[in-house]
Amino acid sequence: MKLSTLLLRIVLACAALMVLLPLLWTLLNAFKTNADLLVNTPKLIFTPVWDNMQYVLGRRSVARALTNSLVICSSAVAMGALLGVPAAYVIARVKNRLTREAQFFALSLRFLPPVAVAIPMMVIWLGLGFYDTRFALIVTYMTITISITVWLSIPAFERVPIAVEEAARVDRLGPYATFFRVALPIARPQILAAIAFSFILVWNEFLLAMMLSTSKARTLPVVASEMSQLGMNVPWGVLNAAVVLLSLPPLILLAVAGAGMNSVFSRKSTQD
Amino acid sequence: MATVECRNLCKSYGSHEVIRNFNLSISDHEFIVFLGPSGCGKSTILRMVAGLEEITGGDLFIGGARVNDRDPGDRGIAMVFQNYALYPHMSVRENITFALERAGTSRDEIRRRLDPVVETLGLDIYLGRKPTELSGGQQQRVAIARAMIKTPEVFLFDEPLSNLDAKLRGHLRVEIARLHRALNTTSVYVTHDQLEAMTLADRIVLMNQGRIEQMGTPEEIYSRPATVFTAGFIGTPSMNFFSLDAGEGRLRNADIDLAAPFPLRAGKVTLGIRPGAIRLVPEGTPDAIAATVERDEFHGDMRLISLNAGAESFMVSVPAATRLSEGERVLAHLDPASLHVFDAESGQRLGD
Ligand SMILES: Nc1ncnc2c1ncn2[C@@H]1O[C@H](COP(=O)(O)OP(=O)(O)OP(=O)(O)O)[C@@H](O)[C@H]1O
Ligand SMILES: [Mg+2]
């Protein structure tokens, strides 16, 4: 092996450790007793306990938050996919002023600072009487899921060779059949990754959730953060357990859709 | 099987006119090749026939029916694309049978039609593979199979072989010719490869800047080019041209003086002659041009010699065994029967 390769490998390994160690630490701490946690030399060998997890899962607020998070995020993501994927297809295939504007608008939604969205939304939902409901959060989150799905699906559809769609037209497929039978299956890995990514974004969303809910519609990130204020003694074990629970769905999604996700963010075409 | 007729077809992109008043009538069973330089509008016309490109003006008839407003799927055509355009998510078998399935053809019928097509194109062992697992030549064979199984009225090919290497191209060209002999389906084939055009076409439509430059059998186009453009475009190595003044039964300029092959009105003409119709002759031959050898290219079966005669330079092809050294003085004789004379201004052929 060349020296430069070796050095690069070492740099890479260090970078990987920097990311992975804290995560691993969190995972370990989630299963420690407070006594094992609060020692000066960190323990790697210890008897794992389920207490923290049990405490977190056992709390009524957590169970409710978990349901809230699942319902709100999946609904927002489902609606985002339902509206965003066809929209992305049209934007990718019909090039005119309107679709160019639409494409940029989808992206520009993400330029807004979350607070700038949260405050007017709060006023609107209060006014309509939907404040602190799942419905309000779902609709608010749809601005995120739709824009992300649209934005990431456009390149996926653009990579479907136009000639293949023309071949489909010659094979007597109408526009809908071309979309469902040809374009969508070809772009599927990237589309799924785009949808998964939008799920992760809203699953991790904190600020909007905090400002648009007080109790009934609280989501998991908000509830987890509240645990740090449980008392004078910060319950580190419980906190870590909450973080582990919170991280699981995105990690699972990443494992499932990771490959596609990589190609969503790279410009390289897989077709040719 | 059907006839195709283009009546005054026009195509504009915005205000940019690409095709203007294109007229062509293709008879049943005919194999027509559109040939022309890049950007001359070959693909545009083919795509208008296919229905993939909107027709701006004029009428298109397939099998006697006006099809301007019909969808591609309802025109009775099948198309083979330059970059194959196979469905990447389907197996070879699904690619071939997809259109039939969509049309509601019964399973037995599909199987009955699949077998001969697969056999003709030698695709049996690839049926289960995905297109990405095939070579370019195999992919194009699948694309041809996909078109064939539909038993269309008209086959359309848009440079089907141009993404393949030279050897494979030759091979598939022969295969397409064989298929056409067997099926006898009316075909329109776009290419910028002369060899493909010459070998496949019943009739070549030579295009230039959105117009038909000349139309005819390969022999006609090669031996009686109607314009300077055709003469220069067809044939490898390409034709030599000289600018000459006609008068008193002679064609001449400062360096060349020849007997005119037929009576000509006085005026400027362009004289064309293929490198193969020029011979090197011994001293004393009348009407020979004195020239010096500039370059000698070995082409395997012959040599292509560049000659200089004063300000004129031209190419001569000679047998490969001929030995000439650079700077050598030779006499070149132009075969009077192989001279092509064109009006210098209009570029149109003069005489017969
Ligand atoms: N979508 C378009 N918008 C504007 N002009 C176009 C469009 N498509 C084609 N053209 C123009 O139409 C002309 C003919 O194009 P066409 O593709 O038919 O050429 P071609 O003969 O097939 O060339 P090639 O051998 O390179 O494929 C070209 O000058 C091209 O610039
Ligand atoms: Mg073309």
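The values are calculated or read from the model by the stated rules, or taken from the named source; none is laboratory data. No experiment lies behind these values; they were computed from the predicted model shown. Here the Cβ is made from the backbone with ideal geometry for all residues, glycine too, and neighbour counts use every protein chain on show. SASA here: full protein model, heavy atoms, side chains in, ligands and nucleic acids out. Shrake-Rupley method; radii C 1.70, N 1.55, O 1.52, S 1.80 Å.
Exactly one residue out of A:38, A:44 is free of Cβ contacts under 8 Å to residues at least 24 places away in the same chain and open to solvent by 30 Å² or more (accessible area, probe 1.4 Å), and it is A:44.
Taking strands (runs of 3 or more DSSP E) as the structural unit, those lying wholly within the stretch B:12-123 and holding at least 1 residues that are within 10 Å of chain A (Cβ to nearest Cβ) and over 18 Å from residue B:205 (Cα atoms) correspond to B:77-80. Considering B:335, B:352, B:301, the condition of being touching a helix residue (DSSP H, G or I) at 6+ places or on another chain (Cβ under 9 Å) and either of a type outside the set (Gly, Ala, Ser) or more than 27 Å from residue B:246 (Cβ to Cβ) (or both) is satisfied by B:335 alone. Looking at B:141, B:129, B:112, just one residue is without any contact (Cβ under 8 Å) to a residue 60 or more places away in the chain, more than 23 Å from residue B:183 (Cβ to Cβ) and in the same structural domain as residue B:187 (by TED's automatic domain parsing), and that residue is B:129.
Does residue A:138 fit the bill of being over 26 Å from residue A:186 (Cβ atoms), part of a helix (DSSP H, G or I) and at pLDDT below 95?
No: the conditions fail for residue A:138.
One residue is enough: does the stretch B:143-154 have a residue meeting the conditions within 16 Å of ligand 2 (Cβ to nearest atom) and within 18 Å of residue B:202 (Cβ to Cβ)? No, that holds for no residue. For the stretch B:40-66, a residue qualifies if it is open to solvent by less than 20 Å² (accessible area, probe 1.4 Å), under 14 Å from residue B:5 (Cα atoms), within 15 Å of ligand 1 (Cβ to nearest atom) and of a type outside the set (Gly, Ala, Ser), and the qualifying residues are B:45, B:46, B:48, B:49.
Apart from one condition, residue A:163 fits all of (1) crowded, with 20+ Cβ neighbours inside 10 Å; (2) part of a helix (DSSP H, G or I); (3) within 14 Å of chain B (Cβ to nearest Cβ); the exception is (1). Inclusion of residue A:131 among residues that are surrounded by fewer than 20 Cβ atoms within 10 Å (Cβ to Cβ), on the phi < 0 side of the Ramachandran plot and outside any helix (DSSP H, G or I) is warranted.
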